[in-house]
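A quick write-up on the structure given underneath.
Every number in this text was worked out from the coordinates using simple rules, so none of it is lab data. Remember, predicted model here, so these are calculated numbers, not experimental data. As a convention, Cβ positions derive from the backbone with ideal geometry for all residues, glycine included, and neighbour counts pool all protein chains shown.
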Amino acid sequence: MDKSISFYDGGSEGFYHGLILGLIALMDNQYKIKSNRESGDGRYDISLFPKSSKYPGIIMEFKWGSNLDSDTLDKLAKDALDQIDTKRYDSEMTEIGVTNILKLGIAFSGKKLKIKTE
């Protein structure tokens, strides 16, 4: 992030959402990429549905805050990860038989980020 974006770029969750979508676009030969779709009891940010069983399914939930310290950013990433389970964002994947699912709670603040995984 230090080399990729300007401090002025990171002003909303939508910016980071678009950045991540752009970065993973090249993975479309291995995954069906979905953004802002309903699953379970809510709407996830990004899900990658594997086209082959050798790849895990991936669910990403993003959170953003302005001028957050490291501890607050860490808690926000944990909250994002918890939201995936609380809202059952994996239900769409499990319905089609995906059993290996990587869940990512990602929190952004300016050029800083924290990632929690399950």
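Things to note:
- Taking the criterion of being β-branched (Val, Ile, Thr), in contact with a strand residue (DSSP E or B) (Cβ under 6 Å, 6 or more places away or on another chain) and loosely packed, with under 15 Cβ neighbours inside 10 Å, the residues of region 97-118 that qualify are ILE115, THR117.
- For region 60-96, taking the residues that are among the basic types (Lys, Arg) and closer than 24 Å to GLY18 by Cβ, the one that is surrounded by the most Cβ atoms within 10 Å (Cβ to Cβ) is identified as LYS63.
- So SER52, is it over 18 Å from PHE15 (Cβ atoms), polar (S, T, N, Q), in contact (Cβ under 8 Å) with a residue 12 or more places away in the chain and assigned to a strand (DSSP E or B): no
- Only residues that are surrounded by 12 or more Cβ atoms within 10 Å (Cβ to Cβ) and either touching a residue at least 60 places away in the same chain (Cβ under 8 Å) or of a type outside the set (Lys, Arg) (or both) were counted across region 21-37, and they come to 7.
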